[in-house]
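J.: Quick one: the structure is below, and I'll ask about it shortly.
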Amino acid sequence: MPANNSARGPAAVVVGAILLVAAYGSMFTVNQRELGVVLEFGKLVRSIEEPGLYFKIPLIQEVRRLPRTRQFWASGSRDVLEALPTKDGKKVEVSVWAIWKITNAEKFVKSMRTVENAEQQVLQRVRAGVRDVITTYDLSEVVRSTDRELTNSFGVSDLPDETSGPADPAAELVSDVEQVTIRVGREKILEEIYERIKAQLSVGDGAQAEASIDRGIELVDVGVSNIGFAPSVRLAAFARLKAFMEAIAAKYENEGQQRKQEIINETNAEVEKILGEGEEQSKRLRGEVEAEIIESYATAIKATGDFYNFQRTLDVYEAALDSGTRLILTTDSDLFRMLKGISDVGSGPSTPSE
C-alpha cells in the first residue's frame, strides 16, 4: 500500500499538468480589432465575429486571426501604372490607393485563405479597373472636375500674336488648359472606377469569371494619389514649357528695353531743355550785367569828361615837348592859351616889398 500511494502522487501531478496544459491550449481570445476562425486539420470548423474568450480542441484545432479593421493599400514604385494612354493620346503614370475590409471571416478563409492573397486580389483588380476606365477618357476629364476658367495660364495667353498660331505649341497648351468642356469629371470617373472594381471582386477567376463569388471582402474606397506624364512626355513637356517661359521672358525683356530707351530719351530731352533754359537765362543775365557796366562807364566818362580830356592833353604835350623843342604858336592856339594861363597862375599877384 505505501508503494501504491507513492506512485499515485507523481502520476497525479503529471495528469494535472497535462490537464492544465490542455485547458490552457483550449482557450483563446479574440479582441475588438480581430475576427477569428477555427480550423481543424486545415478545414474550417467555425468563425468568430464577436470579441471574447473561446475554446478549441488542443493539438487538433488551430485559430487563425484576421483583421477586423480597414486595410489600406497604396501603389509603390513597382505598382505604378506606367505609360497609361488616355483617350486623347497623353501617356501618363498613375498611382492609386484602395481601402478594403473583411466582411465575412468564413467566406474569406474559404476563398482568400490569407490576408496577403486578398491584398493581391485587390491590387490586381484596382490596377485593372483604373486602367480600363482612364483609357476611355481625355486627360482633362481625369484631372479636372469642372470646366471653370483657370486663373493661371503661365502667361501663355499673353504672348504676342506673332508667337502663336494654329500649329504653335503655345496655342495647343492654352487649348488644353483653358478651353476645355468637362462632361464627366474626376469625381464621377473615380465613382466609375469604384463600381468596376467592386463588381470585379465579386466575380470568379478563369473559367468561373462569369460566376458570382462572395470572397468575404468589401472595397471601401479607391482613389488616385498622383497622375503624371510618362518620363519621355514629361521631358518634352518641360522643354516645351521652358520654350514658352523663354518666349514670355524675351517679350517682357524687349518691352523693358523699349521702356528703358523711352525713359532715357525723355530724360535726355528734359536735360537738354533744362540746359537750354539755363544757357538762355545765363546769356540774358550776362547781357544785362554788361549793359549795366557800359552804362556805368558812360556815366563815369560823362561826369569826368573835361578832366579826362585835360589829362590826356597833358600826356600828349609831355610826350611831344622837351627842352629842345621850338614851337611857333599863334595867339589863338590852344597850347598858347594854356601856357599863358599857367604862367599867369605861376606868377600870381605882385606883392609890395617890405
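No lab work stands behind these numbers, since they all come straight from the coordinates. All figures in this text were calculated on a predicted structure; none of them were measured in a lab. Cβ sites come from the backbone with ideal geometry, for glycine too, and all protein chains shown count toward neighbours.
J.: Starting from the Cα-Cα distance between Thr267 and Arg286, subtract it from 0.36 nm times their residue separation and give me the gain in nm to one decimal.
T.: Here the answer is 4.0 nm.
J.: Quick one: net charge around Glu191, please, counting Lys, Arg +1 and Asp, Glu -1 for every other residue with C-beta under 15 Å from its C-beta.
T.: Every neighbour counted, the sum reads -1.
J.: How far apart, in nm, are the 7 Å Cα→Cβ label points at Thr29 and Lys110?
T.: About 3.1 nm, to one decimal.
J.: Can you put Trp97, Trp73 in order, fewest other beta carbons within 10 Å first?
T.: Ascending number of Cβ neighbours within 10 Å: Trp97, Trp73.
J.: What does the charge count near Ala298 come to, summing +1 for each Lys or Arg and -1 for each Asp or Glu among other residues with Cβ under 15 Å from its Cβ?
T.: For residues surrounding Ala298, the net value is -2.
J.: Suppose the Debye formula is applied to equal point scatterers at every Cα of segment 33-115; what is log10 I(q)/I(0) at q = 0.17, 0.18, 0.20 Å⁻¹?
T.: For segment 33-115, the Cα-only Debye profile gives -0.75, -0.80, -0.90.
J.: Sticking with this structure for a sec: Between Gln258 and Thr146, what's the calculated FRET efficiency when r is the beta-carbon distance and R0 is 35 Å? Round to 0.05.
T.: It comes out at approximately 0.30.
J.: What is the spin-label model distance, in nm, from Asn309 to Arg337 if the labels are put 7 Å beyond Cα along the C-beta direction?
T.: With each label placed 7 Å out from Cα toward Cβ, I get 1.1 nm.
J.: Could you tell me which trypsin sites (Lys or Arg not before Pro) in segment 31-126 are loop residues by DSSP with no more than 12 other beta carbons within 10 angstrom of their beta carbon?
T.: Listed in order of number, the matching sites are Arg33, Arg70, Arg78, Arg113.
J.: For an R0 of 35 angstrom, estimate the FRET efficiency from the Cβ-Cβ distance between Gln120 and Arg183 and round to the nearest 0.05.
T.: Efficiency for this residue pair is about 0.50.
J.: How much length is gained if the chain between Glu62 and Arg240 is pulled fully straight, taking 0.36 nm per residue apart and subtracting their Cα-Cα distance, in nm to one decimal? Intermediate values should be presented prior to the final figure.
T.: Working: separation 178, 0.36 × 178 = 64.08 nm, distance 6.32 nm.
Contour length minus the Cα-Cα distance gives 57.8 nm.
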